[in-house]
2 protein chains.
Amino acid sequence: MSHHKHHDPTTAQNNADSVDWGLIKLSENRAFNGWHQRFSHRSQCNRSEMCFSVFLPPKVEDNHQVPVVYWLSGLTCTDENFMQKAGAFRIAADLGLAIVVPDTSPRGESVADDPSYDLGQGAGFYVNAIQQPWAEHYQMYDYVTQELPQIIEANFPVTSRRSIAGHSMGGHGALVIGLRNAHRYRSISALSPICNPMECHWGQKAFSTYLGPLKASWFEYDASELLKQHGTALPILIDQGEQDEFLNDQLRPNTLLDALPVENDRLTLTLHPFYDHSYYFVASFIEQHLRFHARFLL
Amino acid sequence: MSHHKHHDPTTAQNNADSVDWGLIKLSENRAFNGWHQRFSHRSQCNRSEMCFSVFLPPKVEDNHQVPVVYWLSGLTCTDENFMQKAGAFRIAADLGLAIVVPDTSPRGESVADDPSYDLGQGAGFYVNAIQQPWAEHYQMYDYVTQELPQIIEANFPVTSRRSIAGHSMGGHGALVIGLRNAHRYRSISALSPICNPMECHWGQKAFSTYLGPLKASWFEYDASELLKQHGTALPILIDQGEQDEFLNDQLRPNTLLDALPVENDRLTLTLHPFYDHSYYFVASFIEQHLRFHARFLL
């Protein structure tokens with residue numbers, strides 16, 4: 001076992017930068033010869049403390065800058081679930097990809113919340129809320145598309161090449177954010193995504209609460225509607241388990257296929273017999289997703 | 001994606017067997033084209049309900065029987081931590097190994113407990129307790145070496161080829177159980193094991209509580225003492241992180257090396273710079289451990 005020089009790219013970048021980003025490193029773990037790190041910081045657009053996690057592949061220790069896959073998690077998750085359960089580091093280390101995982105909402109005593117698991121803290125749905133009291137802090141769309149990449153690209157040894165992926169509510173987030181920001185991402189992928197939130201209970205509850213009753217404001221957060229209206233400039237990979245307990249009521253991937261032009265070669269959707277909605281499904285297919293993104297990032 | 005026939009080996013084996021093992025399937029998840037399953041059952045030797053988890057590789061669906069790697073977890077863990085966090089299924093599926101993970105102690109309201117994290121429920125230390133009130137339920141050594149393999153081999157499509165592995169307290173368990181039962185296992189491995197429990201705080205606290213003050217009864221549960229007295233008939237693989245916060249006070253792998261005969265070719269111990277005690281370390285090296293066991297099991 002050779003001894004690697006312990007180079008901390010975060011500190012190095014901070015010193016060279018005049019902006020105080022206020023990043024606080026909460027923890028770090030060596031993993032697959034790279035680093036898993038957790039940070040908290042003050043989010044400008046969410047007006048709250050936020051946490052995010054980063055995996056940096058071994059390649060950054062040789063002064064390389066690497067592209068980033070942003071991962072958006074599902075209901076009840078924090079920035080930690082994916083890092084602990086997806087088994088993604090081996091292949092990210094091998095390919096030379098960084099992974100960045102934001103929390104699924106702002107949190108804290110001063111942040112509006114709801115007792116149900118599918119609304120409020122842990123359930124931001126990656127929208128900019130316009131209804132009070134939510135609008136005060138729930139600006140997750142801007143956070144994920146603008147503020148977080150700015151922080152990551154100023155403080156870590158990464159390029160501005162980005163892809164976006166997610167699971168369930170985070171799959172919805174990845175599809176919506178990728179479809180609306182094709183100039184900022186290279187590729188989109190989702191496992192078990194909520195594909196047509198305007199027409200399912202989870203989405204209707206969240207959108208009516210965060211966005212209000214006017215459905216005109218809902219369309220820009222519905223992947224099936226976006227695909228129907230604008231198509232996709234980016235390649236999209238979707239995997240879905242056939243035994244997923246939320247498949248027919250909440251996820252409805254067929255609405256995406258119905259929204260596509262007849263001659264589609266941009267979206268690949270595969271159904272997998274026996275697989276459910278759990279992280280065991282995510283772990284089983286994360287390698288294929290990271291290899292998919294690597295084709296467009298590297 | 002081809003459709004696999006859903007063959008449930010557990011039920012099939014149960015039907016063919018006249019003994020009622022009382023296994024209750026708590027959950028199952030498809031993973032890497034195999035199955036992750038959790039069961040509860042009434043343990044005879046622990047006189048309590050116990051849970052265990054199983055990973056069955058895809059090979060069993062073709063009527064193959066596969067060997068088993070038993071994994072023993074560390075303090076505060078249940079049968080679930082390793083399955084969720086180690087990222088072991090991909091390689092176990094590839095090699096055709098089953099993985100079986102018991103809980104780290106008996107549990108329940110009628111089972112003796114202690115408020116501290118390193119004693120009582122979640123901290124069985126893989127010994128047969130001889131002190132009351134612990135002796136009533138804490139018979140984890142017999143459970144892991146005898147009762148659990150009997151259940152597994154009667155109810156799942158596995159051979160009687162076994163290896164044993166674990167982390168921290170479970171690394172101690174794997175070393176002790178493997179060293180004392182060379183006829184029942186093919187190979188031993190441990191990540192961050194407690195190597196000399198008689199001489200560290202965790203071990204002294206557990207052994208004095210479960211076994212009493214007479215140190216004569218402690219020797220058979222101390223890997224360094226066992227190795228010194230009997231050597232090893234089985235190959236042993238150990239990996240240890242150099243930044244492990246418990247390395248010098250609790251784990252002390254050098255005592256194992258000191259206990260070995262000068263000309264040793266059975267034990268391989270490697271220190272890894274920067275790695276800590278977390279599951280990120282386990283995940284980083286589990287592939288090497290499963291490949292090590294496969295050399296002796298397949």
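The values are calculated or read from the model by the stated rules, or taken from the named source; none is laboratory data. These numbers come from a predicted model, not from an experiment. Because the Cβ atoms are built from the backbone with ideal geometry, glycine has one as well, and the counts that use them run over all protein chains shown. Keep in mind that these areas ignore ligands, DNA and RNA; they rest on the heavy atoms of the full protein, side chains included. Shrake-Rupley method; radii C 1.70, N 1.55, O 1.52, S 1.80 Å.
Can you go through A:Ala98, A:Ala86 and tell me which one is within 14 Å of another protein chain (Cβ to nearest Cβ), among the small types (Gly, Ala, Ser) and under 20 Å from A:His293 (Cβ atoms)?
Unique residue meeting the criteria: A:Ala86.
Of everything in the stretch B:169-203, what is open to solvent by 10 Å² or more (accessible area, probe 1.4 Å), under 13 Å from B:Glu225 (Cα atoms) and within 15 Å of the chain's Cα centre (by Cα)? Give them in sequence order.
Correct list: B:Leu179, B:Arg180.
Return only the number of the condition from (1) over 30 Å from B:Pro133 (Cβ atoms); (2) touching a residue at least 24 places away in the same chain (Cβ under 8 Å) that B:Ser27 does not satisfy.
(2)
Restricting the first residue to the stretch A:222-243 and requiring it to be without any contact (Cβ under 8 Å) to a residue 40 or more places away in the chain, which pairs with a second residue that is among the hydroxyl-bearing types (Ser, Thr, Tyr) and outside any strand (DSSP E or B) meet a Cβ separation below 6 Å and a spacing of at least six or different chains?
Filtered contacts from the stretch A:222-243: A:Ser224/A:Thr255.
Which of (1) modelled with pLDDT under 95; (2) within 14 Å of chain A (Cβ to nearest Cβ) does B:Asp62 not meet, given it meets every other one?
All conditions are met except number (2).
Quick check: anything in the stretch A:220-231 surrounded by 16 or more Cβ atoms within 10 Å (Cβ to Cβ), closer than 17 Å to A:Tyr138 by Cβ, out of contact with any strand residue (DSSP E or B) (no Cβ under 9 Å at 6 or more places or on another chain) and acidic (Asp, Glu)?
Looking through the stretch A:220-231, at least one residue is surrounded by 16 or more Cβ atoms within 10 Å (Cβ to Cβ), closer than 17 Å to A:Tyr138 by Cβ, out of contact with any strand residue (DSSP E or B) (no Cβ under 9 Å at 6 or more places or on another chain) and acidic (Asp, Glu).
Among the numbered criteria (1) β-branched (Val, Ile, Thr); (2) more than 14 Å from chain A (Cβ to nearest Cβ); (3) in contact with a strand residue (DSSP E or B) (Cβ under 8 Å, 6 or more places away or on another chain), which single criterion is violated by B:Val127?
(3)
I'd like the residue in the stretch A:151-160 that is in a helix (DSSP H, G or I) and open to solvent by less than 10 Å² (accessible area, probe 1.4 Å) and, out of all such residues, is farthest from A:Val176 (Cα to Cα).
Residue satisfying both the conditions and the ranking: A:Asn155.
Which one of B:Tyr138, B:Tyr143, B:Tyr126 is on the phi > 0 side of the Ramachandran plot and not small (Gly, Ala, Ser)? Can you show your working first?
Numbers: B:Tyr138 fails: on the phi > 0 side of the Ramachandran plot; B:Tyr143 fails: on the phi > 0 side of the Ramachandran plot.
Every option except B:Tyr126 fails the conditions.
With the condition kept exactly as written, say whether any residue in the stretch B:130-137 is out of contact with any helix residue (DSSP H, G or I) (no Cβ under 6 Å at 6 or more places or on another chain) and acidic (Asp, Glu).
yes
What number of residues in the stretch B:40-58 are out of contact with any helix residue (DSSP H, G or I) (no Cβ under 8 Å at 6 or more places or on another chain) and either of a type in the set (D, E, K, R) or closer than 22 Å to B:Ala165 by Cα (or both)?
Adding up the residues that qualify gives 4.
Condition first: surrounded by fewer than 21 Cβ atoms within 10 Å (Cβ to Cβ), within 21 Å of B:Tyr117 (Cα to Cα) and in contact with a helix residue (DSSP H, G or I) (Cβ under 7 Å, 6 or more places away or on another chain). Now tell me which residues in the stretch B:208-219 satisfy that.
Across the stretch B:208-219, the qualifying residue is only B:Thr209.
Name every residue in the stretch A:241-298 that is small (Gly, Ala, Ser) and buried (at least 21 other Cβ atoms within 10 Å of the Cβ), in order of residue number.
If the condition is that a residue be small (Gly, Ala, Ser) and buried (at least 21 other Cβ atoms within 10 Å of the Cβ), then A:Gly241, A:Ala259, A:Ser278, A:Ala283, A:Ser284 are the ones that fit.
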